[in-house]
Amino acid sequence: MTTTTGTRIDIGTDLPTIVITREFDAPRSKVFRAHTDPDLVSQWLGPRGLEMTVDRWDCRTGGEYRYIHSRDGEEYAFHGSFHEVRPEELIVQTFTFEGMPDSVALEKLVLEDLGEGRTRLVATSLGDSFEARDAMVASGMETGIVEGYERLDEVLAQQG
Amino acid sequence: MTTDGLSKVFAALADPTRRDIVARLASGDATVGQLAEPYAMSLQAVSKHLKVLEDAGLVTRGRDAQRRPVHLETEVLDAMTTWIERYRREAEERYRRLDDVLAAMPHGTPHPTPEGERP
């Protein structure tokens, strides 16, 4: 599962975490700016096939954000607060899917300077329950929460 | 059904002994006695682990009243792996777009000021 350039996913068993690790062939300053500048963020954060609209993006300690993914008239909005933003190193933020407004994940982005203009990104998401975390993994939110569980339903139903 | 199912699978596999049991069952069904052999633990302790795996839907017990062989339900394991892989692929796609954004950014971009003011 681990490669030098590919994305690695680790699913926590003691805590409801998802850890994403990825290396970039760019210095930390650029990777950081691609997370803080809304014009850059909108170019990569949205999932494929969905339109990404940044409503608010004030990436500094105490700031907040909101963005919308839309497709065929359907809209999925997300928002949160930037809890701690430290240039080139760290972004701690909350994350809520507005379809499930009572649920919030705590996200921590750490950028590590690997030298020679390379950067390692480690993004940890801590869900507020194992169920919420698993729903994230099983669906990716935007692609439909139901689909994944229907498949598990089928599998489990077959076992009788 | 709720998201409970996947959580149970994750929780069941959190334990190294249970992961080991699953790995051994991948090569074929086994009785509780056979599964207990390599471990310095009682049949009862192994049965407890099996109960957790059974509740998660990862294993089933045969109907044969005497032996009740333990069977691995590979489909449940596959479903979980598929989800994680899909999630991973979505993240990778997102970061490939970020690769492109980074490549298009001009060289010698001004660094943020030491005070951490916004660009």
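Observations on the model:
- Here region A:18-42 is scanned for amide nitrogen atoms under 12 Å from the site 7 Å beyond the Cα of A:Arg8 along Cα-to-Cβ, giving A:19-23.
- Euclidean distance of C-alpha centroids, region A:92-137 and region A:6-36, integer Å: 9 Å
- Radius of gyration over Kirkwood radius for region A:93-142, both on Cα atoms: the Rg/Rh ratio is 1.12.
- Low-density loop positions, trypsin sites (Lys or Arg not before Pro), region A:1-74 - DSSP coil, at most 16 other Cβ in 10 Å: A:Arg48, A:Arg60
- Phi angles across region B:39-44 convert, under the Karplus curve 6.51 cos²θ - 1.76 cosθ + 1.60 with θ = phi - 60°, into 3J(HN,Hα) values of 9, 8, 9, 6, 4, 4 Hz, Gly and Pro given as x.
- Spatially proximal lysines relative to B:Lys8 (Cα-Cα < 18 Å; intrachain offsets below 8 disregarded): B:Lys48, B:Lys51
- Here's how it looks for A:Val104: its modeled amide H is under 5 Å from those of A:Asp128, which are all 5 or more places away or on a different chain.
- For region A:1-128, the Rg and Dmax computed from alpha carbons only, in angstrom: 14.9, 45
- Taking a point 7 Å out from the Cα of B:Ala103 in the direction of its Cβ, the residues of region B:77-95 whose backbone N falls within less than 14 Å of it are B:95.
- Whichever lysines have a C-alpha closer than 24 Å to that of A:Lys108, once near sequence neighbours (fewer than 8 apart) are set aside: A:Lys30
- Residues whose amide H comes within less than 5 Å of that of A:Trp57, counting only those at least five positions distant or on another chain, are A:Arg66 (H built at 1.01 Å from N in the peptide plane).
- Orientation-averaged projection of region B:1-57 equals 4.0 nm² [convex hull of Cα atoms, one quarter of hull surface area].
No lab work stands behind these numbers, since they all come straight from the coordinates. For clarity, every value in this text was computed on a predicted model and none was experimentally measured. In this analysis, Cβ positions are derived from the backbone assuming ideal geometry, glycine residues included, and neighbour counts consider all displayed protein chains.
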